[in-house]
Amino acid sequence: MRTDTPPTIYRKDYADPTYLVDTVEMGFDLEPSLTRVATRIFMQRNPAGSNNEIVLFGEELELVQLRLNGKVLRAADYKLAGGVLRIPGAPAKVVLEIETTTRPDRNTSLMGLYVSNGNFFTQCEAEGFRKITFFPDRPDVMAKYTVMLRADKKAFPVLLSNGNLIEEGDLPDGRHYAKWEDPFKKPSYLFALVAGNLVCQEEKYRLKSGREVLLQVWVEDGNLDKTQHAMDSLINSIRWDEERFGLELDLDRFMIVAVGDFNMGAMENKGLNIFNTKFVLANPRIATDIDFANIEAVVGHEYFHNWTGNRVTCRDWFQLSLKEGLTVFRDQEFSADMIGTDSGRAVKRIDDVRVLRQAQFPEDAGPMAHPVRPDSFVEINNFYTVTVYEKGAEVVRMYQTLLGRDGFRKGMDLYFERHDGQAVTCDDFRAAMADAGKRDLKQFERWYSQSGTPRVAAGVHYDAKSRTLELTLEQSCPATPGQKKKQPFHIPVAVGLLDSKGRDMPLRLDGEKSAAGDTTRVLELTKARQTFRFTDVAEKPVPSILRGFSAPVVLQYEYSDAELAFLMAHDSDAFNRWEAGQRLATRRLLKLTTAVQAARQSGHVVSFETVLGNQDQDSALSDALRITLRDETLDAAFRELVLTLPSETMIAEQMEVIDPHAIHIARQFMRRTLARDLRDDLLAAYKACGTPGEYSPDADASGKRALKNVALSYLVELDEEEVLTLAQKQNDEANNMTDRLAALGALTNSSAAGKAAALEGFYSEFEKEALVIDKWFTLQATARNADVNTVRTLATHPAFSLKNPNRARSLIFSFCNGNPSAFHALDGNGYAFWAEQVIALNGSNPQVAARLARSLDRWRKYTPALQEKMRHALQQVAASSNLSRDVAEVITKSLS
Ligand code: ARG
Ligand code: ZN
């Protein structure tokens, strides 16, 4: 382990900046091997600051010269240590001139200024600007920027930065320049530049106000046939934010640029969004329905940041969820509104909750658990998490649930009225919601300060004589790192009651004059335990609790199998209808998993099939799924969700001690059982949804493809010639990537004779499409028969590179996170491979390395034999030299 333990930064230590910046002028002489940056900062002492020391951050920079108010500073005039440059005793008004150099072509961290495929890009959030120049690189220092870019004209014909292009022209020696001015104050993390050989699709768009804006999507030459969907998504985003939130694009020009080497999804730099190619490039040939949907969501997300993030930004990085939770909520709502139908909205909601449960609930239960607004961090890049993003979005959604849609909109309006142009906190947002809605949201603060997933246990008591129903809700929250005891949360619990025919019953709470019109009621649980009494309840109902997943909690209620099947068939709340099926499936999967473990223990296993076959006589699940599958009044997309079993990771979350192999065997057994039970209905659904016309990514068409392909994936479990032929045919004839990839996956996981040829054919057909080759790697890394040796072999493929984050994720991450039974092989070889990869990535790209490091953070949850091997691998990484702050933080917290 590194000897100099990196320091922990605490939220409670926040101090105002000592100097504020008015304007920044920057000049770049761009050369891949050595770029010169001249920066002029106009600053003044901050009345709220505590002293007259200027504090600048800078990393991996060569400082050429530093001048203060025209005077060259000598080494004795300032202190430079550990990435911080301090100039004590500075005057009230300062013009600071800084000359630095950097080496973009050697920057493999992809933070700051770097080169990707010969072009220049930047990534400054969270603290990348300090790799470009010395600066008070913190989000509460907002300034206006003017940027001059100079570069070789042939190699870098396109020069872009934030804001408006105000001048361009030629220079001697084949060079040229472009000058950009951003009229808006912004924090340094929103700075961006792009220089290179790029082409764009552009469109003029008229805003509601009548103003015309220029929209551009920039890509490498040869990719202009893949930009239309991103452009459409941008236009839809602009229109949606005007309509839903009354927020207008404030710039005359808005650019999106795609880059193949990118650590995250995309970045909301003012007026110059920079995107991972994965979230820009699409056409039916190369992109799946999920890709199309993701592009719409991410384009929306980054665009919506222009108001929630850029116009109003974060005071400090502990407040990250202020912009991320809110903006994820906004992109979720945007995607839902783009589908438009109620059932479509429900499908989107289910998708979002699945992500939350699959990724955030485990985080909240592990050693990296942190509140939505963390109290401390070592490396801020480690806190771009599902908790800050997805749980943060749930927290924002709860305001809307509590205040209503109009109330929420009033809160948003007040938030902008108060804070436009400011860097603020999560408390400021909550205050705007409380004040606009005239609500006391004091207790609601605990959603920001307490980590862990709350449990809500429900119990009902129906009294036929008095016709009353008592619903008792009891909340608790498990201990998390640094937080042993939790205080009660303010939890909105949406509830409905179903009569014996499956209809919603009128709801009248004790003390109310009459039943409300609405048959879903949002109860507010604020105490540890509360009882809600419904009166005038004509018969004993089946309760539908936590409708629409009204709060990010685990609901505990002992439904009988019959009640779950009943809810699956009747609940008017589509989310709970789906949820009932998941509960039913989870219950059976856990039983089967236990049976596998017992059989293994007894040592008498002839075949698990026999043992489990005896176990699983009950057809409740098959029967319920058949009803859903046949119900053509339901959207195909919804039926697909109901048919999809909880993932192995989801099942693992339900277990006291995780046994990945038993889970895998149980789940596979259940898939085969369902395939057998539902064979004819699956085939019928496959055929009904399978008429390929012209491709469109709309909700209806993609829903049909989803249902068709989930049917196919079940059917191939039967290993029948007829079905394998269908899969082969689909692989050969598909006119879009969704169907192609589904067929290829089905073949790969079957015994089909043609599967090797299909994989090879796919590779040669799409060799030039990096994003498709990523899918090719992922498919093999997550294939059923894959093991660590499969992945080791693939890692030697000429197309593999650890340096490209998308490629690394497609193979390494997919295996470690997406193939649990193979990764957790009993011999520990999966973990050894993981350790090697974390160490290798640590040297080139700490941020990506730290993400991979998280794959073992929940090691204490596993069987003792696996735990031991996991700890060994973690210690191996801990002991390696030159660990980055990023990886060190994850490993230290995992082992502590
Ligand atoms: N603000 C970006 C987004 O959510 C994420 C950028 C994070 N980048 C990073 N290096 N931590 O859209
Ligand atoms: Zn974001």
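The values are calculated or read from the model by the stated rules, or taken from the named source; none is laboratory data. Because the structure is a prediction, the values reported are computed rather than measured. Here Cβ is always computed from backbone atoms with ideal geometry, including for glycine, and neighbour counts include all displayed protein chains. These accessible areas exclude ligands, DNA and RNA; they are computed on the full protein's heavy atoms, side chains included. Shrake-Rupley method; radii C 1.70, N 1.55, O 1.52, S 1.80 Å.
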In segment 103-161, what trypsin sites (Lys or Arg not before Pro) fall in a loop by DSSP, with at most 13 other Cβ atoms inside 10 Å?
Lys154
Can you send over the carbon and sulfur percentage of the accessible area for the chain, probe radius 1.4 Å, protein chains only?
50 percent
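With a/c under 1.5 counting as rounded, go ahead and sort segment 260-311 into rounded, prolate or oblate using the C-alpha gyration tensor (a ≥ b ≥ c being the square roots of the eigenvalues; past the cut-off, prolate if a/b is larger than b/c, else oblate). Write out the running numbers ahead of the final one.
Numbers: a/c = 2.92, a/b = 1.80, b/c = 1.62.
It comes out prolate by the Cα gyration axes.
Just round it to a whole percent: the fraction of Cα-Cα distances in the chain exceeding 42 Å. Mind showing how you got there, number by number?
Values: 144718 of 400960 pairs.
Of all Cα-Cα distances in the chain, 36 percent exceed 42 Å.
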Distance check, please: which entries in Lys154/Lys278; Lys391/Lys486; Lys71/Lys144; Lys278/Lys768 exceed 20 angstrom between their Cα atoms?
Lys154/Lys278; Lys71/Lys144
Distance in Å, no decimals, from the C-alpha centre of segment 383-423 to the one of segment 128-204 is 31 Å
Given R₀ = 56 Å, FRET efficiency for Thr594-Ala840 by Cβ-Cβ distance, to 0.05?
0.90
Distance in nm between Gln443 and Asn69 label points, each 7 Å along Cα→Cβ, equals 5.6 nm
Mean residue ellipticity at 222 nm from the helices of the chain, using -39,500 (n - 2.57) per DSSP H segment of n ≥ 4 over the full residue count, to the nearest 500 deg cm²/dmol?
-12500 deg cm²/dmol
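Given a 1.4 angstrom probe, what's the average accessible area per residue across segment 615-701, in square angstrom? Kindly include the intermediate steps, with their values, before the conclusion.
On the way: 3800 Å² over 87 residues.
Here the residues of segment 615-701 average 44 Å² of exposed surface.
Find how much the distance from Asn785 to Ser696 grows on full extension, using 0.36 nm per residue of separation minus their present alpha carbon separation; answer in nm with one decimal. Don't jump to the answer; show the numbers that get you there.
Working: separation 89, 0.36 × 89 = 32.04 nm, distance 3.31 nm.
Contour length minus Cα-Cα distance gives 28.7 nm.
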If the label point is 7 Å along Cα→Cβ of Arg211, which residues in segment 5-29 have backbone nitrogen under 11 Å from it?
none
Roughly how far apart, in whole Å, are the Cα centres of segment 740-763 and segment 821-896?
32 Å
Rounded Å value of the spacing that divides the Cα centres of segment 434-493 and segment 350-373
18 Å
Segment 748-802: which GluC sites (Glu not before Pro) are DSSP loop and have at most 14 other beta-carbon atoms within 10 angstrom?
Glu767
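With the Cα gyration tensor of segment 257-354 giving a ≥ b ≥ c as the square roots of its eigenvalues, does the rule (a/c under 1.5 for rounded; else a/b larger than b/c for prolate; else oblate) give rounded, prolate or oblate? Before the final figure, lay out each step's value.
Working: a/c = 2.13, a/b = 1.18, b/c = 1.81.
Oblate is the answer for segment 257-354, as a/c is 1.5 or above yet b/c matches or exceeds a/b.
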Size of charge dipole - the chain - debye, nearest 20, with Cβ of Lys, Arg +1 and Asp, Glu -1, no other charges:
2120 debye
Check the straight Cα-Cα distances from Lys869 and name the lysines below 24 Å, setting aside those fewer than 8 residues away within the same chain.
Lys861, Lys893
Residue-normalised value, i.e. accessible area per residue, for segment 268-418 at 1.4 Å probe, in Å², stands at 24 Å²
Shape category assigned to segment 563-615 from the gyration tensor of Cα positions, a/c cut at 1.5:
prolate
Between 0 and 90°, nearest 10: helix 392-419 axis offset from the chain longest Cα axis
30 degrees
If I model a spin label at Gln487 and Gln875 as a point 7 Å from the Cα along the Cα→Cβ vector, what separation in nanometres do I get?
4.1 nm
For Ala126, enumerate residues with amide H under 5 Å from its amide H, sequence gap 5+ or separate chain, H modeled in the peptide plane.
none
Please identify every one of the trypsin sites (Lys or Arg not before Pro) in segment 366-474 that sits in a loop by DSSP and has no more than 14 other beta carbons within 10 Å of its own beta carbon.
Lys438, Lys442, Lys465, Arg467
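Based on the Cβ-Cβ distance of Ala92 and Asp435, what FRET efficiency does E = 1/(1 + (r/R0)^6) give at R0 = 30 Å, to the nearest 0.05? Please list the in-between numbers first.
On the way: r = 36 Å, r/R0 = 1.20.
Rounded to the nearest 0.05, the efficiency is 0.25.
Please work out how much length the chain gains when fully extended from Arg409 to Arg672, using 0.36 nm per residue of separation minus the C-alpha to C-alpha distance, in nm with one decimal. Please list the in-between numbers first.
Values: separation 263, 0.36 × 263 = 94.68 nm, distance 4.83 nm.
So the chain would gain 89.8 nm between Arg409 and Arg672.
So between Ser476 and Arg503, what do we pick up on full extension, going 0.36 nm a residue minus the alpha carbon distance? Walk me through the intermediate numbers first.
Working: separation 27, 0.36 × 27 = 9.72 nm, distance 3.16 nm.
Using 0.36 nm per residue and subtracting the Cα-Cα distance, I get 6.6 nm.
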Counting sequence-distant residues (5 or more places) and residues on other chains, those with an amide H built under 5 Å from that of Val312 are Gly421
Hull surface divided by four, with the convex hull built on the Cα atoms of segment 609-665: how many nm²?
5.0 nm²
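Please give the per residue accessible area of segment 129-237, computed with a probe of 1.4 Å over protein heavy atoms only, in Å².
Numbers: 4140 Å² over 109 residues.
Ligands and nucleic acids excluded, the result is 38 Å² per residue.
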Please give, to one decimal in nm, the separation of the simple spin-label points placed at Glu632 and Asp680, each 7 Å out from Cα toward the Cβ.
1.7 nm
